[in-house]
Amino acid sequence: MSIRYKILIILLLLAFATHSIVTSVYYFSSQEIVKDLAKYHLVSMANVQHQRMKGLIKANWDKLNLISSRTQMRASFQQFIDHGDTNSLALVKRILDDAVNQSETITDIFILSQQGTTMVSSAGSKDGQSFQDHVLFQRGRDHQTTSMLLADAEYQAPTFIFSAPLKLNGETLGVVAMQVNMDRLNDFMRDYSGLGKTGEVFMATQTPNNNILVFTPLRFEDFPQLFSAGAGMSQLMVSDFRGGEDVLQSVDDYRGKPVFAISRLIPEFDIVIIVKMDEDEVLSINEDLKHLIIYLIFFLLIVVLVASLILAHKITRPVINLTEVAVMISEGHLEKRIRQFTDDELGRLAQALNTMADRLIQSNLVLEEKVEAKTMELRSVNAKLEQMAQTDALTGLKNRGYFDAHIDIEWRRNMRNESYLSILLIDIDYFKRVNDNMGHATGDKYLKAVAGALKQTIRRAEDMVARLGGEEFVVVLGNSAEADAVSMASRIQQQIAQLELPNQYSDVSHFVTASIGICSVIPSQQSSVADALEHADQALYQAKALGRNRILVYDSSSAPATGSS
């Protein structure tokens, strides 16, 4: 038998062996792989719904915080408590009604007395009702809390309650509670994207009788649905799931069909999000994969057969192959190799040629690594030099050179956006007296401290703070109008004041203070950076002339207008 047919038989046997091994491994592992994929998918869907629920909770907390912070409502309720003024209570109810009318998600807001009795509610249905034994009151007296308000009938859907202490001047007046409707939550649960034909997501909780209440929309049944503690659905409420374990559970759902399910606990309400799909639909993927693998194996057999015939024909031409590869290597194609060798001198020559090419590639790689290392070293040095050139050595802030280079960029950006640009010039009051009387070392220390305060105050990425020289600093606020600039200037003065840097040589304070001049302008072709800086400097000059430790805003109609001291 010629070598051509020997090679052909060997390759066919290898292909058949590969086919047998792949098929066997598939039958043993594909089932678990599909389950793992299903688990990963269901976990992802559960996480999405979990995050949606977290967002819903946060949004409602924000609403309750806004409502409970209304001073008029708290003062009126205090008036009612102290004097029994029914007009004050009526005013509280109108405020609650307005809050409900302004929100599509709030169904009722009510206030409990310190004994847990409803004193006033927007809907009026809870007036006089006692919640003394409910967690919305017991926990709500001390801190913000969430709870569920179960209906009188066990099979009816509950509602979500957010409650918090109602305080005025540190005194607890009672508890304010907010009841939200379930429409938005139900919309979340009706989103079956990515869950196929049988998948669904819903929420459930345990009733006082230890039954399972599903209170959000179901895909194949009406809701709510109540299940006994011994039903298959109750397995999704066991401790492992309530602890948040990613365990793929196989149970019978409310239709009596086997499903794969994942659950997520929402501890704020003691409810569980359940995501499930029918086992038949999940495992149908396994059948599709099996058919695909069978087709691929048959295709592989055909390819191997054709390749074997071609290889058997080509094996008689080793000299041609050796010549072609040698020419390609000589032309710089070092990745080319001879893949087949004969057991003779030509085979050894082919191996030597491959070894030579490998060594050439290795030499090139070593050279490229050295060049890359040197390049990275130069880049690092250049970056450090550039950083040093842009940074004030004493304070660590950007220096005057950086400011001059980047203020034009910020000016043009705000000109394109037609937005306000505010420039704040900051000068430390009586700093020369500090240097003259307390020494330059103390002056440098104060400059570093003030620079640190500016860094803590100016945090937006688009804003810039730099030291112009001496005791003068500049802050550039993009997309910030005059009111924003004045507010920022006030925070800067507060931060500097909190440093409490002693300066007994100051005429305005026993500590270091700062004067700030502000210019807020919408950049245009008719204005310039130089004009804005000049106006800010004029405002700073007048702030110092008026006694220092104050904020002044440039007024284009006359002189800089007084801001605050």
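The values are calculated or read from the model by the stated rules, or taken from the named source; none is laboratory data. Quick caveat, the model's predicted, so the values are computed rather than measured. Here the Cβ is made from the backbone with ideal geometry for all residues, glycine too, and neighbour counts use every protein chain on show. When the accessible area is computed, the model is the full protein with side chains, heavy atoms only, and any ligands, DNA or RNA have been set aside. Shrake-Rupley method; radii C 1.70, N 1.55, O 1.52, S 1.80 Å.
Each Lys and Arg contributes +1 and each Asp and Glu -1, all at the Cβ; summed about the Cα centre of the stretch 403-502, the dipole is approximately 300 debye. For Lys197, the lysines whose Cα falls under 18 Å of its own Cα, not counting residues fewer than eight places away in the same chain, are Lys35, Lys39, Lys257, Lys276.
The length gained on full extension between Thr207 and Ile9, counted as 0.36 nm times the residue separation minus their Cα-Cα distance, comes to 64.2 nm. Taking the centroid of alpha carbons for each part, the stretch 43-78 and the stretch 88-106 are 16 Å apart.
Rolling a 1.4 Å probe over the heavy atoms of the protein chains gives the stretch 81-147 an accessible area of 52 Å² per residue. Using the Cβ-Cβ distance between Asp531 and Arg433 with R0 = 35 Å, the FRET efficiency computed as 1/(1 + (r/R0)^6) comes to roughly 0.60.
Each Lys and Arg Cβ is given +1 and each Asp and Glu Cβ -1; about its Cα centre, the stretch 69-221 then shows a dipole of about 260 debye. Ordered from largest to smallest accessible area (heavy atoms of protein chains, 1.4 Å probe), the residues Phe188, Phe431 come out as Phe188, Phe431. With protein chains left intact and a 1.4 Å probe, residues in the stretch 449-565 average 47 Å² of accessible area per residue. Skipping prolines and chain starts, which residues have an amide H placed within reach, meaning under 5 Å, of the one on Leu173, given they are 5 or more residues away or on another chain? Distant-sequence amide H within range of Leu173: Leu166, Lys167, Leu168. On the beta carbon distance between Leu349 and Leu378, with R0 = 51 Å, the FRET formula returns roughly 0.70.
Using R₀ = 35 Å, calculate the FRET efficiency as 1/(1 + (r/R₀)^6) where r is the Cβ-Cβ separation of Asp246 and Lys58; round to 0.05.
Plugging the Cβ-Cβ distance into 1/(1 + (r/R0)^6) gives 0.90.
To put it simply, the accessible area of the stretch 419-560 at a 1.4 Å probe is 46 percent carbon and sulfur. Shown in residue order for the stretch 370-379 are the 3J(HN,Hα) couplings computed by the Karplus curve 6.51 cos²θ - 1.76 cosθ + 1.60 at θ = phi - 60°: 5, 5, 5, 4, 5, 4, 4, 5, 5, 4 Hz (x for Gly and Pro).
Our estimate of slack between Ile33 and Ser556, defined as 0.36 nm per intervening residue step minus the Cα-Cα distance, is 181.0 nm. Stretched out straight at 0.36 nm per residue, the stretch from His510 to Gln456 would grow longer than its current Cα-Cα span by 17.1 nm. With each label modelled as a point 7 angstrom along the Cα→C-beta vector, the Lys167-Thr442 pair spans 4.2 nm.
Taking 17 Å as the straight-line reach from the Cα of Lys445, the lysines in range (excluding those fewer than 8 positions away in the same chain) are Lys432, Lys455.
Bridging of Lys58 to lysines at a Cα separation below 24 Å is possible for Lys167, once same-chain residues fewer than 8 apart are set aside. In this view, the solvent-accessible surface of Tyr254, computed with a 1.4 Å probe and all protein chains in place, comes to about 40 Å².
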